[in-house]
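As structure tokens, the structure follows; a few thoughts come after it.
The values are calculated or read from the model by the stated rules, or taken from the named source; none is laboratory data. The structure displayed is predicted, hence computed values, not measured ones. Note that we place each Cβ from the backbone using ideal geometry, even for glycine, and neighbour counts take in every protein chain shown. Keep in mind that these areas ignore ligands, DNA and RNA; they rest on the heavy atoms of the full protein, side chains included. Shrake-Rupley method; radii C 1.70, N 1.55, O 1.52, S 1.80 Å.
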Amino acid sequence: MLTYNHEKYIRQAIESVLMQETDFTYELVISEDCSTDRTTAIVRDYVKKHPHIIRAILNPENLGSQENSRQLFKAGNGAYIALLEGDDFWIDPLKLKKQVDFLDEHPDYAMVHTDINLLYEREKKVIEDYHKTKRIRIPSGYVFDELLTPPSFFIKTATVLMKNNIVDYDNFYDHLQKKKWVLGDLALWLTIARDHKIAYLPETTSTYRLLEESESRTRDPIKNHQFHQSIFDIRYHFWEQFSNDPLIKHKLDKEYHQVLLGDAFKMGDKMLGEKAYRYFSENEVPMPMKHRIKYWTMHKPLFAFIANRIIDLKNFFKK
């Protein structure tokens, strides 16, 4: 369990681990990254109450999510590792047992994950059984190509159970930092999927909490753009090193320039918008209407005025 400034949520996360019903022993290792709120005190209290189950790594200074993750992975002593961040929680008391049973019975698989509930924290809205509700087909087996192809993000961290020691964590995190990739999860799943089979169980075991501000979800358009760039840097790297499938490259290019155009619109960056637009025109790739509208809005003042008035009206009626 990786945690930082999760005072409001950490109890629910820890309790969801303690409720697990298993016929094997398990340990909860919590790496607490020198929080500025009461997270550290809460973790210490749980360690005192459950010293035979919970082990805490209390960092004396803030390491950042990647270094914190590195030491957390290396601290795991079990045959398997399950992941749960301090603001998410499990909802199925048999979550660990079901997944361990599956991997024990299917030694050719290295990892297993499940469906999830999405909890929008600000709105207190829940989308239950997300993949089932959205009718998203989740593949099992060798899923490297599917993970590489945008816009798929079908592995949710809070649902994962993986074999321990299938990744060299020092090499992995050194590479992550050298490349300045911020989305470590996607790079980890691609690293595993490159050589191993990954299974999907179509049942819901966990809840992922969508906060108003986080690394992967922010209202800051510049941070959003940097996050999107990191996603595509990761995918292009893995494509160049391990795929070279031209169809995947075409899908990557198309999705990248659509996202680029959306980011340019939000940042008001006309040069970035021109770069994205040139890809569609020079490669004769059809541009979706919503992206065409964004481009026009940046370059046609009258169109921008009308579009902004429509947005203002929509926001007024939402209230």
Problem - Selection within segment 124-156 - among the polar types (S, T, N, Q) and free of Cβ contacts under 8 Å to residues at least 60 places away in the same chain - result: THR133, SER152
Handout entry: Subset of segment 185-199 that is open to solvent by 20 Å² or more (accessible area, probe 1.4 Å) and not acidic (Asp, Glu) - its residue that is nearest to the chain's Cα centre (by Cα)
Key = THR191
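Being closer than 24 Å to ASN164 by Cα and either without any contact (Cβ under 8 Å) to a residue 24 or more places away in the chain or within 21 Å of the chain's Cα centre (by Cα) (or both) narrows it down to one of ALA82, ALA41, ALA56, ALA75, so name that one.
Values: ALA41 fails: closer than 24 Å to ASN164 by Cα; ALA56 fails: either without any contact (Cβ under 8 Å) to a residue 24 or more places away in the chain or within 21 Å of the chain's Cα centre (by Cα) (or both); ALA75 fails: either without any contact (Cβ under 8 Å) to a residue 24 or more places away in the chain or within 21 Å of the chain's Cα centre (by Cα) (or both).
Step by step, each of ALA82, ALA41, ALA56, ALA75 is checked, and only ALA82 is closer than 24 Å to ASN164 by Cα and either without any contact (Cβ under 8 Å) to a residue 24 or more places away in the chain or within 21 Å of the chain's Cα centre (by Cα) (or both).
Being small (Gly, Ala, Ser), in a helix (DSSP H, G or I), under 23 Å from the mean Cα position of the chain (by Cα) and modelled with pLDDT of 90 or more, is that true of even one residue in segment 229-241? Let's see the steps before the verdict.
Initial filter on segment 229-241 (small (Gly, Ala, Ser)): 230.
From what's left, in a helix (DSSP H, G or I): 230.
Pick out the ones that are also under 23 Å from the mean Cα position of the chain (by Cα) and you get 230.
Still in the running and modelled with pLDDT of 90 or more: 230.
Yes.
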Problem - Test for GLU61: is it over 20 Å from TYR173 (Cβ atoms) and exposed (fewer than 14 other Cβ atoms within 10 Å of the Cβ) - result: no
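Quick check on segment 247-292: of everything there that is touching a residue at least 60 places away in the same chain (Cβ under 8 Å) and open to solvent by less than 50 Å² (accessible area, probe 1.4 Å), which residue is farthest from PRO151 (Cα to Cα)? So that I can check it myself, show each step before the final result.
Taking segment 247-292 and keeping what is touching a residue at least 60 places away in the same chain (Cβ under 8 Å), we get 248, 251-252, 255-256.
Okay, now just the ones that are also open to solvent by less than 50 Å² (accessible area, probe 1.4 Å), so 248, 252, 255-256.
Details: ILE248: 11, LEU252: 9, GLU255: 7, TYR256: 9 Å.
Filtering segment 247-292 for residues that are touching a residue at least 60 places away in the same chain (Cβ under 8 Å) and open to solvent by less than 50 Å² (accessible area, probe 1.4 Å), the one farthest from PRO151 (Cα to Cα) comes out as ILE248.
Confirm whether ASP92 is open to solvent by 10 Å² or more (accessible area, probe 1.4 Å), out of contact with any Phe, Trp or Tyr (no Cβ under 7 Å at 6 or more places or on another chain) and under 14 Å from TYR200 (Cα atoms).
Numbers: open to solvent by 10 Å² or more (accessible area, probe 1.4 Å): yes; out of contact with any Phe, Trp or Tyr (no Cβ under 7 Å at 6 or more places or on another chain): yes; under 14 Å from TYR200 (Cα atoms): no.
It is false that ASP92 is open to solvent by 10 Å² or more (accessible area, probe 1.4 Å), out of contact with any Phe, Trp or Tyr (no Cβ under 7 Å at 6 or more places or on another chain) and under 14 Å from TYR200 (Cα atoms).
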Fill in the blank from the handout: Residues of segment 95-105 being among the hydrophobic types (A, V, I, L, M, F, W, C) and either buried (at least 16 other Cβ atoms within 10 Å of the Cβ) or without any contact (Cβ under 8 Å) to a residue 40 or more places away in the chain (or both), in sequence order, are LEU96, VAL100, LEU103
Exercise for the section: For segment 67-85, indicate whether the set of residues that are within 22 Å of SER16 (Cα to Cα), surrounded by 15 or more Cβ atoms within 10 Å (Cβ to Cβ), charged (D, E, K, R) and in contact with a Lys or Arg (Cβ under 6 Å, 6 or more places away or on another chain) is non-empty. Expected result: no
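Look through segment 106-123, keep the residues that are charged (D, E, K, R) and farther than 20 Å from VAL143 by Cα, and return whichever of them is surrounded by the most Cβ atoms within 10 Å (Cβ to Cβ).
Looking only at segment 106-123, we keep the residues that are charged (D, E, K, R), and these are 108, 115, 121-123.
Applying the additional criterion that residues be farther than 20 Å from VAL143 by Cα yields 121-123.
Numbers: GLU121: 14, ARG122: 9, GLU123: 9.
Taking the candidates together, the pick is GLU121.
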Practice task
Hey, can you tell me all the residues within segment 134-154 that are under 26 Å from ARG219 (Cα atoms) and either loosely packed, with under 13 Cβ neighbours inside 10 Å or out of contact with any Leu (no Cβ under 8 Å at 6 or more places or on another chain) (or both)?
Solution key: LYS134, PRO151, SER152
Exercise for the section: Please indicate, with yes or no, whether at least one residue in segment 231-246 is more than 30 Å from GLY141 (Cβ to Cβ), among the polar types (S, T, N, Q), open to solvent by 70 Å² or more (accessible area, probe 1.4 Å) and out of contact with any helix residue (DSSP H, G or I) (no Cβ under 8 Å at 6 or more places or on another chain). Expected result: no
Handout entry: In segment 13-53, the residues that are closer than 20 Å to GLY76 by Cα, among the acidic types (Asp, Glu) and part of a helix (DSSP H, G or I)
Key = GLU15
Exercise for the section: Output the residues belonging to segment 1-56 that are surrounded by fewer than 15 Cβ atoms within 10 Å (Cβ to Cβ) and β-branched (Val, Ile, Thr). Expected result: THR22, THR25, THR36
Handout entry: ASN165 vs. criteria assigned to a loop (DSSP other than H, G, I, E, B) and either open to solvent by 20 Å² or more (accessible area, probe 1.4 Å) or among the charged types (D, E, K, R) (or both)
Key = yes
